[in-house]
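The values are calculated or read from the model by the stated rules, or taken from the named source; none is laboratory data. Just so we're clear, the structure is a prediction, and the values are computed from it rather than from any experiment. Positions of Cβ are backbone-derived with ideal geometry, glycine not excepted, and every protein chain shown enters the neighbour counts.
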């Protein structure tokens, strides 16, 4: 029998093949290596401890789109310096802020907790009981600045619904005896909402590029008028007064530089306090204004506006109505009953009253379309632009003006002045 002997290169190939097979067998017998786990997915060695902020928002439920901000709170004891707000509905990240009561309005902040978008239940807020008053306010604020950082005064201002802050009041018991029977210390109230002056309160002027000159108090806090008031009558009550504290005085108000003293007056509120008026408009603060010069109440709800030195709302839509006297018959007035006049030297849709003329005959200005009362012919109402860019109301193409010497609603002392100024028939 013939035997075949492998050649050297054949033997080498056989050895290599055997080595490969051995390596594969050994690999198959080894246990599978575990998959790498990202470090970030590893559980912490200790569980995070709950914080007050976490507890306060532990029951958040994201609401349906368009949820209306609201706060529900019950009277309660301030146990261990904690108050509980039953429910807070917020349309975004925010804060529930506890204010003391000062002069019937929200005052100093004594505690706050974060809330999330949606319905937050049983929000606990730690308060400073040393400053607490028997009545507190639970005010909803936005978290409009750095999210998670409380910034008020600043970006995190009060939430408003239809021009009113969301801040129900509630009573607390269990406060330190000294606080439950005493008034808040001086200076702890809402900035710009002091108690009635022991003398005549001063009305002064401030100015901004956007609004021009407007009325402020002696500390520079902005004063506002309410378009739903009547002449020398305040129609703001209850929660409205909590948000818009009245300017009170115990003596005759004093006119600062540039303020017309003849336009200052007072009215008596239901509680007997004396409220300051200007040109027959009751004057109010806005609780959200925190510093001199703040004008965050301007145009709130389309019904709150600053007043210029002439005593007219800045930026408000003009309101035209009709009045009547036996001597003159029917004639046009503004929404406050002040008489409006036309100037025979004007041209259609053009005012020829300038300089000193405008100082004595202030133009009847508007922002937006004028509001028309009963008896006003809408087809005759229009506007034209003055040299300074402001918008004056016209009637039958004739610009309308006030007369500086008319002091009260219904006054018509401008009738026939210089034989060129006359009331306007509707």
Does residue 413 satisfy the criteria of being in a loop (DSSP other than H, G, I, E, B), surrounded by fewer than 19 Cβ atoms within 10 Å (Cβ to Cβ) and modelled with pLDDT of 90 or more?
-> yes
At least 3 residues that are more than 28 Å from the chain's Cα centre (by Cα) and at pLDDT 90 or above in each: list the strands (runs of 3 or more DSSP E) lying fully within the stretch 288-382 that qualify.
-> 319-325, 329-334, 341-343
Take the stretch 79-90 and flag every residue that is surrounded by fewer than 19 Cβ atoms within 10 Å (Cβ to Cβ) and in contact (Cβ under 8 Å) with a residue 40 or more places away in the chain.
-> 79, 81, 82, 84
Among the residues listed as 261, 288, 292, the single one being in contact with a strand residue (DSSP E or B) (Cβ under 8 Å, 6 or more places away or on another chain), surrounded by fewer than 18 Cβ atoms within 10 Å (Cβ to Cβ) and under 24 Å from residue 209 (Cβ atoms) | 292
